[in-house]
Amino acid sequence: TINSTCTGNGGNLHCGAGGIVGQFAANSKPDAVGTVKNSRNYADIILITGAGSAGNKDKMAGGIVGRIYGSKTVYVQNCVNSGNIVNPGTGWAASGGIVGQAETYNYSWSNSAECDIEVISCINLGKINGNNAGGIFDSTAQIATSGLIFTFTNCINFGEVVANTEGNGGGIFGATSSDAIGTFNITKCYNAGKVNGAGIFAKTSQVTP
C-alpha cells in the first residue's frame, strides 16, 4: 500500500503519489521527456488529507503516474493498474487509474510550447475514487497553451470510478479545470466499469475535442 500525506505551511500545497512514478516535474527543462513503459502497479494508493496551513491542498494520485507538472513531453505505454485509489478530502483531489493529473501553469516557456502527453494501450482494473476521478486519466489543470495535445489510444477501463464531485467522473478521462486549454484526441478507448459520470469523457472547459 502506498500512503502519502501532504504537509506544509503557506501558499499552495500540491502532492503527487503514483504506483510507479509520483511526479514528473521539469519546470526549468521544458525539453525533458518522461517515459513509462511496460509497467504494472498492484498496490493500493491512499492519499491522506493535507495538513498544515497551506491555502490549497491539491492531491493527485495515479496508478502509474501521480502528477505531471511542467514537463513538455510524457509517454505512458503498455501499463496496467490493478490497485485501488482512495483519495478523499477537500480541494482538487484528482485520481486516475493510469495518470492522476497534468498541469503546466503559465510559465514563460509554456505559453508557446507544443506539449505532447500520450497514454497508449493502458488498462485500469482498480476502483478509482476522488473529488475528480478518471479510469485512465483524471484531469488537467491550468494548462497554459493551446499547443498542448493529449492523446489516449487503445485504453480500457474495467474499474469502478467514483467521483465525489458530481459530474467529474469519467471512464477514460475525468475533468478539466476552468482555465485549461488544449486538444484531446481519444481513439479506440473503452469503458467497462461502473461510473458516476460519463463513460468516456466527463467534463471539459475551453478545450478542443
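The values are calculated or read from the model by the stated rules, or taken from the named source; none is laboratory data. Note that the coordinates shown come from a computational prediction; the quantities given were computed from them, not determined experimentally. In this analysis, Cβ positions are derived from the backbone assuming ideal geometry, glycine residues included, and neighbour counts consider all displayed protein chains. Accessible surface is based on the protein model in full, side chains and every heavy atom, while ligands, DNA and RNA are left aside. Shrake-Rupley method; radii C 1.70, N 1.55, O 1.52, S 1.80 Å.
A few points about this structure:
- The number of residues in the stretch 65-88 that are out of contact with any strand residue (DSSP E or B) (no Cβ under 6 Å at 6 or more places or on another chain) and either outside any loop (DSSP other than H, G, I, E, B) or at pLDDT below 65 (or both) comes to 0.
- Scanning the stretch 3-31 for residues that are open to solvent by less than 50 Å² (accessible area, probe 1.4 Å) and either touching a Cys at 6+ places or on another chain (Cβ under 8 Å) or modelled with pLDDT of 75 or more (or both) returns Ser4, Cys6, Leu13, Cys15, Gly16, Ala17, Gly18, Gly19, Val21, Gly22, Phe24.
- Inspection of the stretch 114-125 identifies at least one residue that is open to solvent by 10 Å² or more (accessible area, probe 1.4 Å) and at pLDDT below 90.
- Subset of the stretch 162-197 that is in a loop (DSSP other than H, G, I, E, B) and surrounded by 19 or more Cβ atoms within 10 Å (Cβ to Cβ) - its residue that is modelled with the lowest pLDDT: Ala180
- Selected residue [at pLDDT below 90 and crowded, with 24+ Cβ neighbours inside 10 Å] from Ile143, Ile136, Ile128: Ile143
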